[in-house]
Amino acid sequence: MFAPYFPPRPDAEAIVNGKLALAFLGHGWEVEAISLPNENRAVASKQKDNSFWNPLRGIIHAVPSRYVKGIPLILDKIGGTLLTGHLVPGIAWARYALSESLNLSGGKPFNVILSRSWPIGAHLPALIASRKMGIPWIANWNDPDPPVRNPVPYGEGPSAPISYWLSNYMRSVATSASCHTFPSTRMMDYMTGMYPEMKGKAFVIPHVALSGANTQTRNGNGRFVLCHAGYLGTRRDPSNLFQALSIFLSKTKVDATIKLVLMGNDYDLQEKFRFSIPSGVSDIVELYPWSDYTRSTDFMKKADVLIIIEAALQDGIYLPSKLTDYVECGRPILAISPKNGVISDLVKKYGGGIAADCTSPEEIAFALFKMYESWGKGGLEKEYDLSALSTIFSEEAVLSEYLRVFKAIGVSSGRG
């Protein structure tokens, strides 16, 4: 598995890739993961409990052993371009990752290669390694690539101009990969619309929610606790949630029994990314510091409702990894999302919470009222049962899809 972002890095992509590897290992599949080293020491120092990722320690191959800068980095990029014929972001890492994969292949026969984006360079070593090893290759796309072609406001849309080098690289990956996987049908349609070479060999495999994760009991402290985990800013803007809370409080007068926790937003951000908490709701909003994955999920399991805030997209193509984290926690979900989008589709079909239009404070307020009322009657978990939603993200469902893909590309064994 080529996965530049991989535990113990704390990025959302690293968590998604780490959980997939844990699912593979838990079902007896053999995995080797080639990643970037975790250079962020400030973040690493906060990861006081990494026991969740302990089963992965023996399979991680972080390259290079140390980061290089200046002239050595320029030489690495030149060497990587000459070796692969491509010049893309991550070319220096790709050179090291390819070398590591070929060394590993000398000690054991691999059945299949997986490359996990983001970043875009994750696919480059797989492109070369699959040819050299003569084995199938699955390219995964959790977000559109290159980044500039993400939908507004994350990018400039599918028609955004890109360089010759990026265009050539994307065509090579689209054509050469045995198949391509996407976490949602909307994402698949978006990407295959840009790269028709992917059509006919594209599959939807959602992020995995690990089994047995929901083992924590509620706080039971008499307060209705809402929790959002993760960074908020100009794209995932909490302003409409704050307005909705103001509307909700003005109609219910229950500010003493409700609390909104925003996890991971206490650090110093650049001015343009900051958000202000209106005085009318500041008494019920608490900012909690960033923490490692285990501590964060332990807290989320104690909340009453877990909140997702998405950008106001015309077509919500993304499946945020946060959704499967929340499913693991077993708590009802309030998705403040585009009307037309992946999460709205899922919640309407499988339940587990409410999907409210992210552009409408009134609709969000109504959702808050409904969930608060259900909580007050003691029926929150029953009314917003997550069992159906959990099923589609379960290890069994996700690994079954991988087995289907393996069969389609001629991999006879379930070993990874």
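Derivation of every value follows stated rules applied to the coordinates shown; laboratory data play no part. Predicted model only: the values in this text are computed from it and were never measured. Here Cβ is always computed from backbone atoms with ideal geometry, including for glycine, and neighbour counts include all displayed protein chains.
Placing unit charges on each Cβ (+1 for Lys and Arg, -1 for Asp and Glu) gives the chain a dipole about its Cα centre, and among Ser99, Pro8, Pro206 the Cα reaching farthest toward its positive end belongs to Ser99. Computed from backbone phi, the HN-Hα couplings of the range 339-346 come to 4, 9, x, 4, 5, 4, 4, 5 Hz, rounded to whole numbers (Karplus: 6.51 cos²θ - 1.76 cosθ + 1.60, θ = phi - 60°; Gly and Pro given as x).
Under Stokes-Einstein, with the Kirkwood radius over Cα pairs as Rh, the value for the chain at 37 °C and 0.692 mPa s is 146 µm²/s. Under Stokes-Einstein, with the Kirkwood radius over Cα pairs standing in for Rh, what whole-number D in µm²/s applies to the range 224-392 at 4 °C and 1.567 mPa s? My calculation gives 81 µm²/s for D. Under 5 Å from the amide H of Gly341 lie the amide H atoms of Gly316, each residue being 5 or more positions distant or on a separate chain, with H modelled from the backbone and absent for Pro and chain starts. Summary value for the chain: 15 percent relative contact order, contacts being C-alpha pairs under 8 angstrom separated by 6+ residues. The packing ranking, built from the mean of other Cβ atoms within 10 Å per residue, places the peptides 276-284, 96-104 in the order 96-104, 276-284, highest first. Between the Cα long axis of helix 12-26 and the first principal axis of the chain there is an angle of about 70°, rounded to the nearest 10. Under 17 Å from a label point set 7 Å out along the Cα-to-Cβ vector of Tyr231, the amide N atoms of the range 284-321 belong to 288-293, 309-312, 320-321. Taking amide H as placed 1.01 Å from N in the peptide plane, the amide H of Phe224 sits under 5 Å from that of Ile258, Lys259, each at least 5 places away or on another chain. For the range 152-165, backbone phi angles converted through the Karplus equation (6.51, -1.76, 1.60; θ = phi - 60°) give residue-by-residue couplings of 4, x, 7, x, 10, x, x, 9, 4, x, 10, 5, 4, 4 Hz, Gly and Pro being listed as x.
Phi angles of the range 175-183 translate, via the Karplus equation with coefficients 6.51, -1.76, 1.60 and θ = phi - 60°, into HN-Hα couplings of 7, 7, 4, 4, 7, 10, 10, 9, x Hz per residue; Gly and Pro are given as x.
Residue ranges 313-319, 57-63 sort as 313-319, 57-63 when ordered by packing (mean number of other C-beta atoms within 10 Å per residue, highest first). Among 186-194, 22-30, sorting by the average number of other beta carbon atoms lying within 10 angstrom of each residue, highest first, gives 186-194, 22-30. Under 5 Å from the amide H of Thr181 lie the amide H atoms of Ala139, Asn140, Trp141, Phe203, each residue being 5 or more positions distant or on a separate chain, with H modelled from the backbone and absent for Pro and chain starts. Any idea what diffusion coefficient the range 161-201 gets from Stokes-Einstein, in µm²/s, Kirkwood Rh on alpha carbon pairs, 20 °C, 1.002 mPa s? The calculation lands on 201 µm²/s.
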